[in-house]
Amino acid sequence: MNSAIVFLPLLGAALAGLFGRVLGDRGSQIATCVPVSISAILGWVALFQLAGGQGDQTVQIFTWIDSGAFEAAWSLRFDALTGVMLAVVGSVSALVHVYSVGYMHGDPGIPRFMSYLSLFTFSMLMLVTADNLLQLFFGWEGVGLCSYLLIGFWYKKPEANAAAIKAFLVNRVGDFGFALGIVGVFLVFNTIDLQTIFESAPRVAGSTFVFLGYEVDILTTLCLLLFMGAMGKSAQLGLHTWLPDAMEGPTPVSALIHAATMVTAGVFMVARLSPLFELAPVALEVVAFVGASTAFFAATIGLCQNDIKRVVAYSTCSQLGYMFFACGVSAYAAGIFHLFTHAFFKALLFLGSGSVIHALHGEQDMRRMGGLWRKIPITYGLMWVGSLALAGVPFFAGFYSKDIILEAAFGAHTAIGLYAFWLGIAAAVMTAFYSWRLLFMTFHGTFRGDHHKLDHAHESPPVMLIPLFFLAAGAALAGYFGLPMVESEAFWGESLRGFHAIEAAHHAPDWVVVLPTVAAAAGIAVAYLLYVLKPAWPARIAGALRPLYLFLLNKWYFDELYDAVLVRPAKAIGYALWKGGDGAVIDGLGPDGIAAATLNLARRAVRLQSGYVYHYAFAMLIGVALLVTWYLVRGVM
């Protein structure tokens, strides 16, 4: 059963990818939706078995690499952490597959699209069941490749091609550090097997090596290199620029990448390697700092975005920051709990946004929406559920997971913990504001766009709405049912560390417990004031604070900065090497130069063949004169 969870999506990908023309659109949809759905069900069964006390299992498929001292088996690791990820990844992937049947209706590349979705799911399942770092890297790169294929699925759009390339290249920056970290782990521990590494790590703790004349802690260096990979994959501050541009792909792709799969891979990796990170406190502080900074930074940008999908995308970036700073204060269980709840409400918001876009025939700008709740009331109600969960309103999923993260950050009683706590509170206010700004601008007020689109707006078909109901149930109930799981050290067993941080969260003062709810209420109230009661005010505020507004609207100018510092110089150097080095020097002195010289000599020789006898006689006379001169000169010498 456990092997089937992983390999059923691969079977679906192979059927749709290799035999899509034979199966057709509907056949390819069935061939992918059915295996992924079965895999999702089996994933939940595995989670309940692990929660019921079934011990950890390792299923060895075969020996992958056996070269000298290096050996890597292809094995599937099943423990509590894997079980949670299997349930989340399988559920969201299955619902996205079903949703895609309606959303992609009429697209000429349906078999290819469905194959990519299933291959993406297989790669993620390979990642979360990895028993060694090489297999983890295999799944890591697999989701990176599939994200490139899915973001650039509409390859005739230049924007989609550019976004796909950008995602691929930015992730390669992080993956370079990740690969160095894996190599370093092998050099230090002489193995890439996770369990062996964890058992040996305490003996390495405190050891150093000399780099550029400085004593550097080994585990801190390894953890920072590994975290560099997580920063790229999970779009943390500095390596985040690919995530919003990924919206150029179809909406189901946005939901799959941003909700439970690719972007959460970094959080999963840090949690999986918690035995290493717990022995590297400096690395943990870096994780907390980057996570808290990302949560705040992305939330500020979400305030001013007008594309409905980009608002939700920056929300994802911000929520990933919460997950990371939870891990940074050793509350790994709280971070995974937020990953669990976030998957449902974020997938709901993305697919709900897709339903809005579908109703308006491709319109994504919220400034051209408004008053849609009468046209698509079911989508409106479901978006309410997602927004309540995202804002952290009590008794919805986000309330439970976000609160315990903030309480754990405060309970750490460290400078970095307080930094994370206060930035997390600020981000909570902004999250509530922009999530309800989206709701009010889209569904309330008067319609501001093309009335022809409004006249033809309609509710999505059942095949798109049914997945939303399942996700809404998760957004409403996942926090309540998942909270006992977080607090149970027995459930997690050896798969996670840091339960002292969860215990410290329970001793937070009452004001710390209440403050996130107050923050959510404040954000919602301000959004209601500005976009329902006083809809003319936002434009006035933007005008009065125009420099700040443009700064946030243009995403802190990170893209412009990278373009000026990295992209343009790289292009200039490449152009100079192309024209000056390759063209002028290599080709100029090499093949092109020799060919040009030969051609020039040939042209000159052609001129001698005039066809006149007296020309040839004159040439012979000159030749005789030269020969006589040569003999005379030799005789004198």
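Just a few scattered comments:
- In region 53-106, the residues that are among the hydroxyl-bearing types (Ser, Thr, Tyr) and part of a strand (DSSP E or B): 58, 63, 67, 75
- Long-range neighbours under 7 Å by Cβ, at least six apart or interchain, first residue closer than 15 Å to residue 408 by Cβ and of a type outside the set (A, V, I, L, M, F, W, C) within region 478-498, second open to solvent by less than 90 Å² (accessible area, probe 1.4 Å) and in a helix (DSSP H, G or I): 487/502; 489/499; 497/274; 497/275; 497/332; 498/274; 498/332
- Here residue 13 qualifies as of a type in the set (A, V, I, L, M), within 19 Å of residue 142 (Cβ to Cβ) and part of a helix (DSSP H, G or I).
- Every residue from region 141-174 that is among the charged types (D, E, K, R) and open to solvent by less than 10 Å² (accessible area, probe 1.4 Å): none
- Lone qualifier among 174, 181 - being touching a residue at least 24 places away in the same chain (Cβ under 8 Å) and closer than 30 Å to residue 96 by Cβ: 174
- Just one of (1) among the β-branched types (Val, Ile, Thr); (2) closer than 21 Å to residue 491 by Cα; (3) over 24 Å from the mean Cα position of the chain (by Cα) fails for residue 63. It is (2).
- Filter pass, residue 491 being more than 27 Å from the chain's Cα centre (by Cα) and either within 30 Å of residue 355 (Cα to Cα) or not in a helix (DSSP H, G or I) (or both): no
- Residues satisfying the stated conditions in region 266-296, i.e. closer than 11 Å to residue 332 by Cβ and in a loop (DSSP other than H, G, I, E, B): 273, 278
- Hits in region 281-302 (condition: surrounded by fewer than 22 Cβ atoms within 10 Å (Cβ to Cβ), more than 21 Å from the chain's Cα centre (by Cα) and not charged (D, E, K, R)): 281, 282
- Among the residues of this structure, residue 408 counts as one that is within 19 Å of residue 515 (Cβ to Cβ) and more than 25 Å from the chain's Cα centre (by Cα).
Residues are listed down the side, and each one gets a yes or a no for (1) more than 16 Å from the chain's Cα centre (by Cα); (2) over 21 Å from residue 14 (Cα atoms):
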residue	(1), (2)
144	no, no
157	yes, yes
162	no, yes
173	no, yes
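- Breaking point among (1) at pLDDT 85 or above; (2) open to solvent by less than 10 Å² (accessible area, probe 1.4 Å), for residue 278: (2)
- Top-ranked residue in region 107-130 [being over 28 Å from residue 73 (Cβ atoms) and assigned to a loop (DSSP other than H, G, I, E, B); ranked as modelled with the lowest pLDDT]: 107
- Any hit, region 314-322, residues being open to solvent by 10 Å² or more (accessible area, probe 1.4 Å), touching a residue at least 24 places away in the same chain (Cβ under 8 Å), part of a helix (DSSP H, G or I) and aromatic (Phe, Trp, Tyr): no
- Residue 464 vs. criteria in contact with a His (Cβ under 9 Å, 6 or more places away or on another chain), surrounded by 15 or more Cβ atoms within 10 Å (Cβ to Cβ) and either on the phi < 0 side of the Ramachandran plot or modelled with pLDDT of 90 or more (or both): yes
- All of (1) free of Cβ contacts under 8 Å to residues at least 40 places away in the same chain; (2) closer than 18 Å to residue 237 by Cα hold for residue 327 with one exception: (1).
- Residue within region 518-534 that is in a helix (DSSP H, G or I), open to solvent by 40 Å² or more (accessible area, probe 1.4 Å), under 24 Å from residue 91 (Cβ atoms) and β-branched (Val, Ile, Thr) present: no
- Within region 334-361, the set of residues being assigned to a helix (DSSP H, G or I) and surrounded by fewer than 24 Cβ atoms within 10 Å (Cβ to Cβ) comprises 357, 358, 359.
- Single match in 555, 571 (criterion: among the basic types (Lys, Arg) and open to solvent by 60 Å² or more (accessible area, probe 1.4 Å)): 571
- Answer residue from region 213-253, given it is hydroxyl-bearing (Ser, Thr, Tyr) and touching a helix residue (DSSP H, G or I) at 6+ places or on another chain (Cβ under 6 Å) and is farthest from residue 346 (Cα to Cα) among those: 220
- Those residues of region 542-552 which are in a helix (DSSP H, G or I) and exposed (fewer than 13 other Cβ atoms within 10 Å of the Cβ), in sequence order: 543, 544, 546, 547, 550
The values are calculated or read from the model by the stated rules, or taken from the named source; none is laboratory data. Everything numeric here is computed off the predicted structure, so don't read it as measured data. Note that each Cβ is placed from the backbone with ideal geometry, even for glycine, and that neighbours are counted across all protein chains shown. Note: areas computed on protein heavy atoms with side chains; ligands, DNA, RNA excluded. Shrake-Rupley method; radii C 1.70, N 1.55, O 1.52, S 1.80 Å.
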